[in-house]
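**Student:** First the structure, which I've put down as structure tokens, then a few questions once you've had a look.
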């Protein structure tokens, strides 16, 4: 008698971040393999709720997400109950907080579930910022728990090596799988119309930034770079995303005298149509894991400028072969890179290079690492 393996994914919430988009893309790939799937979320509300693939059962733990250690602790017992009742064979956990919670829940539940941890972001900044109980506890818990799980996966090679060093793990113990960025509907979504008047034919070139308006994304440097670009090239800057730094960034645009040519359009469910109609996409981050939006922009055919932050951009752009790489926090270098693109110095991207970021490739890599064949004997 044969049966399909049951696999559960756990993510913190369904808010509009790259981690959530990647996890939902990967769920889509698994769903095409006809594997029974659960999506466990601490809180099931958020902008990406409509992106959950059909046939995926959602387990909403209904826990308010707060940036406090207590909110993490609240997830453990509901997850224990889920593991005992539903008995998934594999639990794929995204983000270090979910990973640690899942490992603790498995121990308490006495569950045989196989754990696979997926790391999306750098932990480098935590070395100098251990100012909360969560930030003090997490590195210790990770060093203790990560060697005990069935697999740890990083979304870039640079991130894998960084985590091995940070957590004192054996070299090459963390596997790398690039994010399942390029789903079949990406180019279809890129064809959708954009109503904003700046994107109409004949308007000024658009410089586009996409991401949460938080310190890590460093939109401050992008706005300063745009102010420099404006001295040489009439253009406009559009930023998609929400976050705590919005008011500060708007104030900076006013201070630099460019507020009339900077638009903050908030969270957009389909950023790809904006990418397709922009002259250049800019990633200004201080740190990343594997920046999904950079790959998406390349696949759509939009020229890119990116900081050479840890980690991911140098791998995605082949050390600058497929796009402009500039130092982190250097608005002058970023402006120079943008001006090169706007002047027509565009680096083309080979199709074979992009193919390593497809949904099909990522899904197969995950299934191989998890040891999943479509049908498993019982």
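The values are calculated or read from the model by the stated rules, or taken from the named source; none is laboratory data. Since this is a predicted model, take the numbers as computed values, not measurements. Cβ: placed from backbone, ideal geometry, glycine included. Neighbour counts: every protein chain shown.
**Student:** Residue check, residue 223 against (1) closer than 28 Å to residue 315 by Cβ; (2) touching a strand residue (DSSP E or B) at 6+ places or on another chain (Cβ under 6 Å); (3) at pLDDT 90 or above, all met but one. Which one?
**Tutor:** (2)
Table: residues versus (1) under 26 Å from residue 185 (Cβ atoms); (2) under 24 Å from the mean Cα position of the chain (by Cα).
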| site | (1), (2) |
| --- | --- |
| 232 | no, no |
| 249 | no, yes |
| 252 | no, no |
| 271 | yes, yes |
| 276 | yes, yes |
| 279 | yes, yes |
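**Student:** So which of 307, 363 is farther than 30 Å from residue 33 by Cα, crowded, with 17+ Cβ neighbours inside 10 Å and either under 23 Å from the mean Cα position of the chain (by Cα) or in contact (Cβ under 8 Å) with a residue 40 or more places away in the chain (or both)?
**Tutor:** Sole residue among the options that is farther than 30 Å from residue 33 by Cα, crowded, with 17+ Cβ neighbours inside 10 Å and either under 23 Å from the mean Cα position of the chain (by Cα) or in contact (Cβ under 8 Å) with a residue 40 or more places away in the chain (or both): 307.
**Student:** Could you tell me whether residue 300 is touching a residue at least 12 places away in the same chain (Cβ under 8 Å) and buried (at least 24 other Cβ atoms within 10 Å of the Cβ)?
**Tutor:** For residue 300, the condition - touching a residue at least 12 places away in the same chain (Cβ under 8 Å) and buried (at least 24 other Cβ atoms within 10 Å of the Cβ) - is not met.
**Student:** Can you tell me which residues in the range 286-321 are touching a strand residue (DSSP E or B) at 6+ places or on another chain (Cβ under 9 Å), part of a loop (DSSP other than H, G, I, E, B) and farther than 19 Å from residue 176 by Cβ?
**Tutor:** Answer for the range 286-321, where residues must be touching a strand residue (DSSP E or B) at 6+ places or on another chain (Cβ under 9 Å), part of a loop (DSSP other than H, G, I, E, B) and farther than 19 Å from residue 176 by Cβ: 286, 302, 303.
**Student:** Is the range 280-294 home to any residue that is touching a helix residue (DSSP H, G or I) at 6+ places or on another chain (Cβ under 7 Å), farther than 14 Å from residue 196 by Cα and free of Cβ contacts under 8 Å to residues at least 40 places away in the same chain?
**Tutor:** Yes, the range 280-294 has at least one match.
**Student:** When you scan the range 26-51, how many residues do you find that are under 19 Å from residue 98 (Cα atoms) and at pLDDT 90 or above?
**Tutor:** 7
**Student:** While we're on this one: Being under 23 Å from residue 310 (Cβ atoms) and out of contact with any strand residue (DSSP E or B) (no Cβ under 8 Å at 6 or more places or on another chain) narrows it down to one residue among 191, 216; which is it?
**Tutor:** Only one candidate passes the filter, namely 216.
**Student:** Any chance the range 170-180 includes a residue that's at pLDDT below 95, part of a strand (DSSP E or B), buried (at least 21 other Cβ atoms within 10 Å of the Cβ) and in contact with a strand residue (DSSP E or B) (Cβ under 9 Å, 6 or more places away or on another chain)?
**Tutor:** Checked against the condition, which is being at pLDDT below 95, part of a strand (DSSP E or B), buried (at least 21 other Cβ atoms within 10 Å of the Cβ) and in contact with a strand residue (DSSP E or B) (Cβ under 9 Å, 6 or more places away or on another chain), the range 170-180 yields no hits at all.
**Student:** Now a separate question. Condition test on residue 85, is it in a helix (DSSP H, G or I) and farther than 23 Å from residue 369 by Cβ?
**Tutor:** Here the answer is yes, as residue 85 does meet what is asked.
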